[in-house]
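Visitor: After the structure tokens below, expect a handful of questions from me.
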Amino acid sequence: MIGVRLHAQLAPSERFALDTLLDASALVPVAGTTTPTVEIVLHADAPASADAWLRQPDAALHSAPGTVTLSTHTLRDVARVLAMAAEHEAPGRDKHQRPLSAENRLVRADLAQHPVVSLLARALRVSAERAAAGRPLVVARPWPAQATWAAALSHDIDVVSWWPAFTGLRVVELAKKGEWARVGRVLGSAAAALATNPVQRALRQVLAIEAAEHARATWFVLCGTPTVGSFAAGDLTYAPERALVRSMLGEIAGAQHAIGLHGSLETVTDGRRFTAQRQRLATLAGGPVRGVRQHFLRRDPAHTEADMATAGFGYDSTTGFPDRNGFRNGLADVSPYWDASQKVPLALESAPFCWMDRAQSKYQGVEDPSAWIAEAERLAATCASVQGLWCGIWHPNLDTALGFPDALEAYAALVASLRRNGAWLATLDDIVAWRRARRAIRVVGSDASGLPIAELPRALAGEAPAVPEVLLADGRALSAVRTA
């Protein structure tokens, strides 16, 4: 059991950073008057180096019997990393009006492929176990089914209609790189596909790859009304009511995958569109739409997430880099968004992605799909090392006829690798529900034998795919978490 003792007044953002670290550490807090095994003692002394925790998490922590000491200066810095403050404060924007990845704090420190907040949370848990000195310290199992890490496969459906136009654009892209062998394969496959629909064929192949590994994914679907302007901008390119889109949605839902909204560019400036698009998609999908990811990853931190919460979304998966792979907010895990204007956490979870197929081919010129998968696997191993979440984006239009030879075979290898390495492969709907439930567990007392009793609010237990388990840090199992 873990408690907190304040030797300094915490600002709201510092409290948010501490709560995020505790949550990611899987240490279970105490409730009420229950006596903690270890206390986190917070002080206002400035560390010798403000950046030390980024490269050496242990440097930010000091453990002694019964206590772990942490500076509020470090918490303040953690909060800024989580909020991606440096890039939002910088004036530069790319052609899609997104903050520049190069201005991100972790990119500038060459640490973008290191989930620094998750690494600090892991160090906090190790320090707490050391400070417990054999006394009962309660931790939560990181994920269901004995898994020690989780993986979320996700897909953005950007292309349905007018697929030859997208193939043409891709051929131009390949030609500019001198990829003539790939150009030939694409043109041959596209010519053979003129009488069929390679978009739906590619989607079915993705579904078959995931079914072979008993993996369920999350599919983000555009659900606005396309115009000439939206098509030219690469935004809304298909009408969701079209028979083909309805058929695709039916196949996704039939495979028990989750369906989320791919928020169009108009939602960035008009938050009311979130509600309309969410309701429209729920009607078409015939089920709940709990998640959202912004098209082109466009967001305005002053409004977008708050508008998502107002529209009733439970989570967003927009946080991530468009032009490289890594951990944009330093976290390989689920956490609430921080509302800087109101100085409170939002009722909206962030499920950041750390890998995307097109980050390498579009922005880095890497056209070998096996190289994309190698980077995905490296990042997955990093997520596994912190018992965290790997979330990746695979666009379902990556088919030979649509401009991407060998891509589907590479994707099959990735899904098999995630399964082989023990990830809990689940939808973002289930992953977020699980993490919300685990976060709410509290130790409320002890049983007749002196072992801790853990409790979880009944409503959250009902939402999660399974009730999280708790155990002692030394590995001894406790009784099941009770609900109340």
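Visitor: Would you confirm whether any residue within region 174-194 is open to solvent by 10 Å² or more (accessible area, probe 1.4 Å) and in contact with a Pro (Cβ under 6 Å, 6 or more places away or on another chain)?
Guide: yes
Visitor: Quick one: how many residues across region 162-197 are outside any helix (DSSP H, G or I) and not β-branched (Val, Ile, Thr)?
Guide: Residues that pass the stated criteria total 8.
Visitor: Mind checking which pairs have a first residue in region 304-315 that is among the charged types (D, E, K, R) and modelled with pLDDT of 95 or more and a second that is open to solvent by less than 30 Å² (accessible area, probe 1.4 Å) and assigned to a helix (DSSP H, G or I), Cβ under 7 Å, 6 or more apart or different chains?
Guide: ASP307/PHE274
Visitor: Please return the ranges of helices (runs of 4 or more DSSP H) entirely within region 61-123 where 3 or more residues are in contact with a helix residue (DSSP H, G or I) (Cβ under 9 Å, 6 or more places away or on another chain) and over 26 Å from GLU375 (Cα atoms).
Guide: 72-82, 85-89
The rows are residues; the columns are (1) assigned to a loop (DSSP other than H, G, I, E, B); (2) open to solvent by 50 Å² or more (accessible area, probe 1.4 Å); (3) at pLDDT 95 or above; (4) β-branched (Val, Ile, Thr).
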site	(1), (2), (3), (4)
LEU236	yes, no, no, no
ARG246	no, yes, yes, no
LEU249	no, no, yes, no
VAL268	no, no, no, yes
ARG278	no, yes, yes, no
LEU284	no, no, yes, no
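Visitor: Regarding ALA152, is this residue buried (at least 21 other Cβ atoms within 10 Å of the Cβ), in contact (Cβ under 8 Å) with a residue 12 or more places away in the chain, touching a Gly at 6+ places or on another chain (Cβ under 8 Å) and over 23 Å from GLY365 (Cβ atoms)?
Guide: Answer is yes for this residue.
Visitor: Would you check which residues across region 66-106 are crowded, with 19+ Cβ neighbours inside 10 Å, farther than 17 Å from GLY320 by Cβ and among the small types (Gly, Ala, Ser) and list them?
Guide: SER71, ALA79
Visitor: Residue check, ALA426 against (1) open to solvent by less than 30 Å² (accessible area, probe 1.4 Å); (2) closer than 25 Å to TRP180 by Cα, all met but one. Which one?
Guide: (2)
Visitor: Shifting gears a bit: Of the conditions (1) out of contact with any Ser or Thr (no Cβ under 7 Å at 6 or more places or on another chain); (2) within 30 Å of GLY260 (Cβ to Cβ); (3) among the basic types (Lys, Arg); (4) open to solvent by 40 Å² or more (accessible area, probe 1.4 Å), ARG216 clears all except one; give me its number.
Guide: Of (1) out of contact with any Ser or Thr (no Cβ under 7 Å at 6 or more places or on another chain); (2) within 30 Å of GLY260 (Cβ to Cβ); (3) among the basic types (Lys, Arg); (4) open to solvent by 40 Å² or more (accessible area, probe 1.4 Å), only one is false for ARG216: (1).
Visitor: Among the residues that make up region 18-26, is at least one of them under 11 Å from ARG125 (Cβ atoms) and part of a loop (DSSP other than H, G, I, E, B)?
Guide: yes
Visitor: Tell me, which helices (runs of 4 or more DSSP H) wholly within region 344-461 include 2 or more residues that are touching a residue at least 60 places away in the same chain (Cβ under 8 Å) and within 26 Å of ASP323 (Cα to Cα)?
Guide: Answer list for region 344-461: 369-385, 407-420, 428-439.
Visitor: Among the residues of region 42-54, is there at least one that is modelled with pLDDT under 95, out of contact with any helix residue (DSSP H, G or I) (no Cβ under 9 Å at 6 or more places or on another chain) and either within 21 Å of LEU379 (Cβ to Cβ) or exposed (fewer than 15 other Cβ atoms within 10 Å of the Cβ) (or both)?
Guide: Looking for residues that are modelled with pLDDT under 95, out of contact with any helix residue (DSSP H, G or I) (no Cβ under 9 Å at 6 or more places or on another chain) and either within 21 Å of LEU379 (Cβ to Cβ) or exposed (fewer than 15 other Cβ atoms within 10 Å of the Cβ) (or both), one finds none in region 42-54, hence no.
Visitor: For region 397-423, which residues satisfy the criterion of being open to solvent by less than 40 Å² (accessible area, probe 1.4 Å) and among the polar types (S, T, N, Q)?
Guide: Hits for region 397-423 are ASN397, THR400, SER417.
The values are calculated or read from the model by the stated rules, or taken from the named source; none is laboratory data. Owing to the predicted nature of the structure, the values given are computational and were not obtained by experimental measurement. In this analysis, Cβ positions are derived from the backbone assuming ideal geometry, glycine residues included, and neighbour counts consider all displayed protein chains. Heads up: the accessible areas ignore ligands, DNA and RNA and are worked out on the full protein's heavy atoms, side chains in. Shrake-Rupley method; radii C 1.70, N 1.55, O 1.52, S 1.80 Å.
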